[in-house]
Amino acid sequence: MGKSIVTIGGGIAGIEASGILAELGYAVSVIEKEPDFGGKLKNWDHLFPNMRKAEEIEDYLSRKGKTPGITLFPNTTIASFENIKSGFVLKSNHGVSYSAHAVIVATGFEVFSAERKEEYGYKIYDNVITSADLEKRLKSGTPLTTLAGKTPQRIAFIHCVGSRDAKVGNTYCSKVCCVTGVKQAIEVNKLLPATQIFNFYMDLRMHGLEHEEIYKTAQEKHNIQFIRGRLSEVSENIDHSLLIKAEDTLSGRPLKMNVDLVVLLVGMEPGVGTTAIGKACNIEFNQYGYLKIPDVHLAGNLTSRKGIFVAGSCSCPMSVKDTIEHARSAAFEVHRYLIEN
Amino acid sequence: MKAEGKRNIWREYQKEIACDHFYYQRSCIRQNFFPASEKTFLKILRDELGKDIYDDPLHTTCTGIGYHTDVVPFDTIQAVVARHFALMTEAGYKNMAISCVTSFGIYSEITETWKEFPEELEKVRKSLKKAIGKEFEVPANIAHASDIIYKFKGEIAEKQQFELINKQTGKPLKIVEHIGCHYSKMFPSKGVGGAEFPHVLSGMIEEWGGEVVDYPERRHCCGFGFRQYMVQSNRGYSLSNSKKKFESMEPYMPDAIVANCPGCNMFLDKWQYTLAEMQGKTYGQNGKGIPVLTYEELAGLVLGYNPWDLGLQMHQIDCEPLLDKMKVPYNPEDKYLGANKKYIGRPEVAACLA
Amino acid sequence: MGKFGFSVMETRTVNFGELDNRLLGYVLENEASFLTCISCGGCTATCSAGNLIDFNVRKINLFLRRCDIESLAREIDKCMLCGKCTLVCPRDINIRNVVMLIKKGIVKFRNE
Amino acid sequence: MGIVLDLLKQDVRFHEGLKACMNCGVCTAICPAAEFYDYDPRMLVSIVQSNDEEAIIELLKSDTIWYCGQCMSCKTRCPRNNCPGLVINVLRKISQELGYFTESVKGRQQILIKRNIGDTILKTGYCIHPSIVKPELHPEQGPVWEWVYNNPNDVYERMGGNFDKEGAGTLRKINNEVLGELKAIFEVTGGTLLFDKIEKFSAMKAREAGLEGTDGNIDKYIEKVNAEDKI
């Protein structure tokens, strides 16, 4: 066919979409700003809903990345973007030009910077960590302790950090944090069965077939306690344990609790990469700063510009599973476009 | 607490504070209970920093306590504030320096309302014109008086006579700072360092050698509650909220409390006496309570002013233990004398704090 | 009150630092299905007693988990043991048995 | 829509204070009033948000709206940028406008505040003046304040003040011309009207309860309000 495609972003969505298109015979260049591919997947330990090791997906993607027809360009960013008659010409930071009949933007998301929820004390108090930090610690296999090396007696997981929050500018639900919080609570319970674990939530958005079951299992088998109240503040006690305050909304009373570790379930945000590429390609953003898709039901991989497609969580928060599906449909949309044009 | 983590969050935004030429808005509570603090503020600005600040006899209360006790309507307080803007405009000033945190909150709320709802501003312009025939300009800069001390904390440090160091141990004094809710809880960007851990007082304490105490109830209200203090039968609310703070700070053994808001200052001082009297419980070292200073008093001590000129004798909790730690000289005989060393009697000794 | 005309007030805050978990443990040990309560309020909506008097059966779970034995003892006697709550519970909890266990447990631990 | 909902929606502070609440409870978690009173700002907002005129009128007649201490800590934390404390201001205003405040123990206290703070503002130009902080009414102020109270001229002079004198300075006398301007502002902007309403409705309540003196004074009523007695 001889048509070429540039995919910007070598994470889950970028590799998956590119792999399929390469299998279909296209020449695909994958541009990745990091030295290696796979995006944030390398930071995760186990994936919901079936607790598969994230490495399995990593292995799958690394095979996918070797599909003949794919060329991977690590440590590369896009410096300029130009429209030509047959498509686009992209120039990299290394001065290399890539011409493309179609472009896929797959720049992914960023984990919410929890320090912006100042009242929760991230990077202010030692024993406040994020779900992303916890995932790394679980993956490393080192014992889960407080900074002082103590086994925590009590841990609180805090839902909706950086999501559903006008104060930080993210009014949307990040979709993955509820189940991540319950998944991690179960994992911690397995590691530290004597530790009391509490999840502070507003709503538990356990959509789909399996997630509600994870929630029920957490209650039934892992003694996780769920308290309906959004966390208001974290402060530090003299022994470096943490005092947390929420409303016990179901009883209508303020509630305070001393815990040894606070885990903030951080949401997803459009990354700086997404913003930069969106601007360079001159495509539209939605009100949340993600890339705008023209039709949520029927054109989930299209952007405001013909020939530029979107794959994965640069368009909205997505789980690993959603991302792979979205990438596959992106590949299909690109293929259809290149056949028709 | 890692101060560096806190500082990083606010690195990109700093509140703008004017450099010079201020119109001074006095505080009802500060004048009543800490009159020398306002005097000290003007002295520091004029004599130490060489600034121009206008003390206008024509201004009044902002009616803030009336507003928050709900006997003064929003329309009325807006017009009273507008009158002060008119006085400021007439006097040729553009920058407000406000002595009271409640007033500062009021000024913030009103100017923000005018931005959000311009029709309110038009309404106020009309009503002020109708009532007293005055017109006004919105100030270019509104600062709380402590913001200005914060801005010039380095200049003050250059003239420092006494450090916030316990000379008996050589260690920094452990100081609790209390900001006052209306400083920035409503409008975080109006305060130095936002709403959670404003830097306005901790900046002074650190600059002048002290150590800030981070205790669990640090961000909690002193419990003034306006109508909750003004009506005697409601005062349990105020007392209980302060008590919660004292209990929370007690394990850290603070050497002093410094407050931003005159109301908080007064309550944190007086409630210690009340709790000692009611429950026989004190929270400071040696059973004497924790001295509570205004930021003007703190700056005055650092600059070497006479403690009795600063008005420390008006506190119910004695400040002498703090003065001794700092090795600030004072004459105990002079403490309760009037002007020109006139003898005017002494307060009864509070046995519960002795 | 004394000379002041006011006094220190009691806090309403639930303090998780000072909870006595014995009754909770006893109930969950003997009726494990209660672990899965999601406080949906289905029970309260259908409750025979709750339709006549000030009684919220959903809150039993909260009182138990917050170890508020005083409220629990007061409320639990309002239940008429009709069992309708058990029929509607989406998590299939034997609420009637929970009520019975609470009644038993209160007596048991009061004597301990 | 009823009159109360109309009044709510006329006030800009209502629009600023309540956009849409999702019942998360961060306000109640740190509310100083929720800790010591049977009070839950989240539930209060929930009632107001219901647009149920009858339920809101109940609220206006209750103690609930008078528990808030106006610290506005709720504003800092609300993830929807609401401010329950500001909604309270509007509810209190309407409760006083319509006379509902005399139906509750805490609401009735408005007459005490009006006569104390309100009258002091117009009389002195200050919200708080040493003359109103009487030691017998303020035992918590302690013996040092009693000493100040008994020697105001000397103490404030020692503090570099200008107590009760013409000119600038701490606690200066605010002259009649200025007080006249303040009074004019109160008249034009509804301040005086609110004072009058608080007096009028309190007098009505006193009469209704048989607590009015022969000369129309309500001292007995005020005594009972002060003691939080049933009326």
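Of all the options D:Gly160, D:Gly190, D:Gly25, the one that moves most in a Gaussian network model of chain D with Cα springs shorter than 10 angstrom is D:Gly160.
Counted by neighbouring Cβ atoms within 10 Å, the residues C:Thr11, B:Thr61 run from fewest to most as C:Thr11, B:Thr61. According to the calculation over all Cα-Cα pairs in segment B:96-146, the P(r) per 5 Å bin from zero is 5, 19, 24, 22, 21, 8, 1 %.
Any of B:Lys39/B:Lys327; C:Lys59/D:Lys19; B:Lys270/B:Lys327; C:Lys59/D:Lys75; A:Lys40/A:Lys136; D:Lys61/D:Lys230 with alpha carbons more than 18 Å apart? Name them for me. Violating the 18 Å limit, Cα to Cα: B:Lys39/B:Lys327; C:Lys59/D:Lys19; B:Lys270/B:Lys327; C:Lys59/D:Lys75.
Across all Cα pairs in segment A:114-267, the calculated P(r) in 10 Å bins from zero up to the longest distance comes to 11, 44, 38, 7, 0 percent per bin. Between segment A:79-156 and segment B:147-182, how many Å separate their Cα centres? Using only Cα atoms, the two centres lie 40 Å from each other. For segment B:1-128, the Kirkwood radius over C-alpha pairs fed into Stokes-Einstein at 25 °C and 0.890 mPa s yields D = 150 µm² per second. In sequence order, segment D:203-217 has phi-based couplings of 5, 4, 5, 4, 4, 4, 8, x, 10, 9, x, 5, 8, x, 6 Hz under the Karplus curve 6.51 cos²θ - 1.76 cosθ + 1.60, θ = phi - 60°, and Gly or Pro positions carry x. Based on DSSP H segments of at least four residues, each scored -39500 (n - 2.57), chain D has a per-residue ellipticity at 222 nm of -15000 deg cm²/dmol. Each other residue within a Cβ distance under 10 Å of B:Lys341 adds +1 if Lys or Arg and -1 if Asp or Glu, for a net charge of 0.
Please report the net charge: other residues with Cβ closer than 12 Å to the Cβ of A:Arg328, K and R +1, D and E -1. Write down the numbers at each step before the final one.
Details: positive: A:Lys64, A:Lys321; negative: A:Glu16, A:Glu23, A:Asp322, A:Glu325, A:Glu333.
Net of charged neighbours comes to -3.
Within 10 Å of the Cβ of each residue in B:195-201, the mean number of Cβ atoms contributed by other protein chains is 3.
On C-alpha positions alone, give me the angle between the axis of helix A:208-222 and the longest principal axis of chain A, in degrees, nearest 10. Between helix and principal axis, roughly 30 degrees.
Express in % the proportion of alpha carbon pairs of segment B:216-256 at distances exceeding 11 Å. The share of Cα pairs beyond 11 Å in segment B:216-256 comes to 62 percent. Take every Cα pair under 8 Å whose residues are at least 6 apart in sequence, average their separation, divide by the length of chain D, and the relative contact order is 17 percent.
The mean number of partner chain beta-carbon atoms within 10 angstrom of a residue's beta-carbon across peptide B:332-343 is 3.
Can you list the GluC sites (Glu not before Pro) in segment B:267-354 that are in a DSSP coil and have 13 or fewer other beta carbons within 10 angstrom? Can you show the working numbers first?
Details: sites: B:Glu277, B:Glu296, B:Glu297, B:Glu333, B:Glu348; in loops: B:Glu348.
Answer by residue number: B:Glu348.
Fraction of C-alpha pairs exceeding 37 angstrom in chain B: 17 percent, rounded to a whole number.
The largest-to-smallest principal axis extents of the Cα set in chain A are 65, 38, 36 Å. Using every pair of distinct Cα positions in segment B:129-206, the Kirkwood expression returns a hydrodynamic radius of 15.2 angstrom.
Straight Cα distances below 17 angstrom link C:Lys104 to the lysines C:Lys78, with same-chain residues fewer than 8 positions distant left out.
Quick one, can you get me the convex hull of the C-alpha atoms of segment B:160-353 expressed as volume per residue in Å³?
Numbers: hull volume 25.0 nm³, N = 194.
Dividing the Cα hull volume of segment B:160-353 by its residues yields 129 Å³.
Entry note: segment A:192-323 has Rg to Rh equal to 1.11, where both radii use alpha-carbon atoms and Rh is the Kirkwood radius. Counting only residues at least eight positions apart within a chain, or on another chain, the aspartates and glutamates with an alpha carbon under 13 Å from that of A:Lys245 are A:Glu119, A:Glu233, A:Glu236, B:Glu217, D:Glu35. Three semi-axes describe the equivalent ellipsoid of chain C; taken as square roots of 5 times the Cα gyration tensor eigenvalues and ordered largest first, they are 29, 18, 13 Å. Under 25 °C and 0.890 mPa s, how fast does segment A:42-155 diffuse according to Stokes-Einstein, given a Kirkwood radius computed over C-alpha pairs? Answer in µm²/s, whole number. Translational D for this selection: 133 µm²/s.
Taking Cα atoms, how many degrees apart are the long axis of helix C:95-111 and the longest axis of chain C, rounded to 10 and kept between 0 and 90? Roughly 40 degrees, rounded to the nearest 10. Checked against a 23 Å cut-off, the cross-linked pairs A:Lys150/B:Lys243; D:Lys134/D:Lys220; A:Lys139/A:Lys216 give Cα-Cα distances beyond that limit for A:Lys150/B:Lys243; A:Lys139/A:Lys216.
Taking every residue in A:254-263 and counting other chain Cβ atoms within 10 Å of its Cβ, the average works out to 5. For chain C, adding -39500 (n - 2.57) for each run of n ≥ 4 DSSP H residues and dividing by the number of residues yields -12500 deg cm²/dmol at 222 nm.
Sum up the charges of everything whose Cβ sits under 14 Å from the Cβ of A:Phe88, counting Lys and Arg as +1 and Asp and Glu as -1, but leave A:Phe88 out. Walk me through the numbers before you get to the answer.
On the way: positive: A:Lys3, A:Lys85, A:Lys91, A:Arg305, A:Lys306; negative: A:Glu82.
Result for the local shell: +4.
With Cα atoms defining each centre, segment B:228-295 and segment B:58-134 are spaced 32 Å apart in the structure. Which entries of B:Lys134/D:Lys200; B:Lys2/B:Lys190; A:Lys190/A:Lys256 have Cα-Cα distances beyond 29 Å here? Pairs exceeding 29 Å: B:Lys134/D:Lys200. Using only the C-alpha atoms, the convex hull of segment B:191-275 corresponds to 97 Å³ per residue. Rg over Rh for segment A:136-216 works out to 1.01, both radii taken from alpha-carbon positions and Rh defined as the Kirkwood radius.
What Kirkwood hydrodynamic radius do you get for segment D:1-159 when you take the inverse of the mean 1/r over all pairs of distinct Cα atoms, in Å? List each step's numbers first, then the result.
Numbers: mean 1/r = 0.0566 Å⁻¹.
Radius from the Kirkwood sum: 17.7 Å.
Which log10 I(q)/I(0) values, to two decimals, does segment A:1-67 give at q = 0.29 Å⁻¹ under the Debye formula with one point per Cα? Rounded to two decimals, the profile gives -1.24. The helix-only estimate of mean residue ellipticity at 222 nm for chain B, built from DSSP H runs of length n ≥ 4 each weighted as -39500 (n - 2.57), is -12000 deg cm²/dmol after division by the residue total.
Rounded to the nearest 10 degrees, the inclination of helix A:272-281 to the longest alpha-carbon principal axis of chain A is 20 degrees. Left without a cysteine partner by the 4.7 Å Cβ rule in chain C: C:Cys37, C:Cys40, C:Cys47, C:Cys67, C:Cys79, C:Cys82, C:Cys89.
Can you run the Rg to Rh ratio on the protein assembly as shown? Use alpha carbon positions and the Kirkwood inverse-distance Rh.
Numbers: Rg = 32.0 Å, Rh = 31.8 Å.
That ratio is 1.01, to two decimals.
For segment D:1-42 and segment A:308-341, write down the distance between their C-alpha centroids in whole Å. Cα centres, segment D:1-42 to segment A:308-341: 44 Å.
Any read-out appearing in this document is the output of simple, stated calculations on the displayed coordinates, not a laboratory observation. Bear in mind the structure is a predicted one, so any value in this text is a computation, not a measurement. Backbone-built Cβ (ideal geometry, glycine too); neighbour counts: all protein chains shown.
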